[in-house]
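First up is the structure itself, then whatever we jot down about it.
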Amino acid sequence: MGHLLSLLLFLIVQYTNAQPSPGYYPSTKVRQLQFYQGYNNLWGPQHQTVSQDQNSLTIWLDKTSGSGFKSKRPYRNGYFGASIKLQAGYTAGVNTAFYLSNNEAHPGFHDEVDIEFLGTIPGEPYTLQTNVYVRGSGDGRIVGREMKFHLWYDPTADFHHYAILWNPDEIIFFVDDIPIRRYERKLEATFPDRPMWVYGSIWDASSWATDDGRYRADYRYQPFVAH
């Protein structure tokens, strides 16, 4: 059994609009939220289990289904983080995502802020992809669309903390409390200001996730498990 993501912990707190300063570690300033305090299953309930202490969640993808969950309430801003360990080996086509969205409230005209881990083939690094969508737009001209990163460590060897800080002036993406991307508010039309929910999911994105779809999910390696 492969482990694509381990010990998924979400931390939520309301933040001011101050930008983190050097030597400041946002993940140490927030409290842990137990799963059923803040979340419910959204889809694929048969592919999801919660630990007895509710501090970790397991979701998995196989040829029948993936799984996802959603926060019970929306947020207008805040700090949202997860401690994640990715699976080694063949994970091409698999998308493990931690994101904010209001797609269900505004279908086709929604806002979204994503951290996505795009599966890979042996010998090649994972890709961490960040996205910002505003009112359905992420075309790269009006709104900053995806930015991709290869991490400076092996994300399959240990847990690392990934987070989104969203306040009225900017969105900052963090890896282990290190800012990797800052998306600032320049115009009303290019910055999300409507409430969004917190989501997590694992699903088959074979059509585009790995080398633009060249490598697809191979279910000989199933299940792809996220803890």
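Bear in mind these aren't lab numbers, they're just calculated from the coordinates by the rules spelled out. Keep in mind the model is a prediction, meaning the values are calculated, not measured. Cβ coordinates were reconstructed from backbone atoms using ideal geometry, including for glycine residues, and neighbour counts include every protein chain displayed.
In region 158-205 the Cα-Cα distances spread across 10 Å bins starting at 0 as 21, 42, 32, 5 percent of all pairs.
Which label marks the calculated value of Rg and Dmax of the Cα atoms in Å, given the options (1) 31.9, 113; (2) 16.6, 48; (3) 20.8, 60? Computing Rg and Dmax of the Cα atoms in Å and matching it to (1) 31.9, 113; (2) 16.6, 48; (3) 20.8, 60 gives (2).
Highest mean packing first, where packing is the average number of other Cβ atoms within 10 Å per residue, the peptides 90-101, 63-74 line up as 90-101, 63-74.
Amide H contacts of Thr127: Leu118, each under 5 Å away and 5 or more positions distant or on a separate chain (H built 1.01 Å from N in the peptide plane; Pro and chain starts excluded). Enumerate the lysines that Lys186 could reach by cross-link, defined here as Cα to Cα under 25 Å, with residues fewer than 8 away along the same chain left out. Within the straight-line limit of under 25 Å, Lys186 reaches these lysines: Lys148.
The relative contact order of the chain, computed from alpha carbon pairs under 8 Å that lie at least 6 residues apart in sequence, is 29 percent. Partners of Lys29 within straight-line reach, counting lysines whose Cα lies under 24 Å from its Cα and excluding those fewer than 8 residues away in the same chain: Lys70, Lys72, Lys85.
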